[in-house]
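Peer 1: My structure is below; once you've seen it, I'll send some questions.
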Amino acid sequence: MFTPRRKSESAPVQEGLPAGLIDLLKVVDAEYIILTRFDVVQENSQGILALGIIRDMRIASQPIINLVRAVRRSGKYEEETLELPRGPLGSGTHELLVRVAPIGSDGSIVILVFDDSEFARLNSMRRDFVANISHELKTPIGALLILAEAVLEASDDPAAIKKFASRMQIEAVRLSELVQEVINLSRLQDEDPLQDAEVLDVAVIARAAIDECRLSADKRKIEIVIADTPSCFVLGDRSQLHMAISNLIQNAINYSPESTRVGVAVTCTDDLVEFTVTDQGVGIPDKDLERIFERFYRVDPARSRETGGTGLGLSIVKHVASNHGGDISVWSLEGQGSTFTLRLPRAKDLSSLSNESGR
């Protein structure tokens, strides 16, 4: 797996630092930054770039800058628990314990960053998750029990047995898909994609997701059209991004009439990468727009049963976006279709990262 490298991997250790300091910091269970007396980054750990704290060899977080200034004034150790955004978009945050102390004889500063966000985040999500899934599993399990009873009562009627068995098969497939979506969502809640991040080309992932969804689109005579897409790089987890993009494309297919088109585009700005999916489907009522990313929420339960929807697909997309410091938005008009836009922070400083094109 390709991972971010230290910006200062080949930089000489600054004179005046205590001997063996860098070797010591490498075995501490924390990310670290060493600042010169001019507050320029001299050394940093491998994982610090994924936290978005450094930009252009300077500290980019104002709360951490304030801590550094306090240490420079007092000459003493300071620490604070900070809640910092995971990226420029969305509501995702890192809960960080930041410790700052002066070192050496030349005004250098060491910053230790402990990421405590995972523990708090997992506890909260697991409580909600157990409550939701226990309710959702009751429906297909209850249906299977009723159908099993019907098969037993119709033991002398082959036609009825065939009918009920076919229905049982449909419910079993739905239950299997729900369990798989639950596993996917659970995995998203357990893994932080920025801890072992790769540099990924969203355009390459989009084309792979289209190929994966092509069969279901062809069955309904839906054409998937992808615009000419440049290479747009983000820092993150390939499997999570592929899952999110596939869910958006499959959602567009499921809610589009036959013989229509689904459009896909990837664009870059200075700071963002945008993945957009546009369909010519039924659209979403205004009253439902704010709720469609909730777990198990369905705009049209009857259509969800018809398409096999679990009500988790868009929630998974929202989790992936939040985990990567991005967001997901939707525009829709009933009867005219919908456009979903996944926005992610762009990985621009590729000179400091292991670059790969999403192979």
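Peer 1: Cβ-Cβ distance below 7 Å, separation of 6 or more or different chains: which pairs start in the range 145-160 with a residue that is without any contact (Cβ under 8 Å) to a residue 40 or more places away in the chain and end on one that is acidic (Asp, Glu)?
Peer 2: Short answer, once both residue conditions are applied: 147/171.
Peer 1: Just the residues that are among the β-branched types (Val, Ile, Thr) and either at pLDDT 90 or above or over 25 Å from residue 196 (Cα atoms) (or both), please, taken from the range 49-105.
Peer 2: 59, 64, 65, 68, 71, 98, 100, 103
Each row is one residue, and each column tells you yes or no for (1) at pLDDT 90 or above; (2) more than 20 Å from the chain's Cα centre (by Cα); (3) under 27 Å from residue 172 (Cβ atoms).
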{"site": "281", "(1), (2), (3)": "no, yes, no"}
{"site": "291", "(1), (2), (3)": "no, no, no"}
{"site": "296", "(1), (2), (3)": "no, no, yes"}
{"site": "343", "(1), (2), (3)": "yes, no, no"}
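Peer 1: Mind checking which residues of the range 106-124 are modelled with pLDDT under 80 and surrounded by 12 or more Cβ atoms within 10 Å (Cβ to Cβ)? Steps first, answer last, please.
Peer 2: Here is the first cut: in the range 106-124, the ones modelled with pLDDT under 80 are 115-124.
Scanning the range 106-124 gives 115, 116, 117, 118, 120, 121, 122.
Peer 1: What number of residues in the range 6-46 are out of contact with any Phe, Trp or Tyr (no Cβ under 9 Å at 6 or more places or on another chain), under 21 Å from residue 196 (Cα atoms), crowded, with 18+ Cβ neighbours inside 10 Å and modelled with pLDDT of 75 or more?
Peer 2: The qualifying residues number 2.
Peer 1: Can you tell me which of (1) surrounded by fewer than 17 Cβ atoms within 10 Å (Cβ to Cβ); (2) modelled with pLDDT under 90; (3) more than 30 Å from residue 95 (Cα to Cα) is the one residue 339 doesn't meet?
Peer 2: So residue 339 meets the others, but not (2).
Peer 1: I'm trying to understand the selection: among the residues of the range 239-285, which are surrounded by 20 or more Cβ atoms within 10 Å (Cβ to Cβ) and charged (D, E, K, R)?
Peer 2: The answer is 279, and nothing else.
Peer 1: Could you say which residue among 234, 182, 204 is at pLDDT below 90 and surrounded by 14 or more Cβ atoms within 10 Å (Cβ to Cβ)?
Peer 2: Checking each option against the conditions leaves just 182.
The values are calculated or read from the model by the stated rules, or taken from the named source; none is laboratory data. Just so it is clear, the structure is predicted and the values come from calculations on it, not from any experiment. Reconstructed Cβ throughout: ideal geometry from the backbone, glycine too, with neighbour counts over all protein chains shown.
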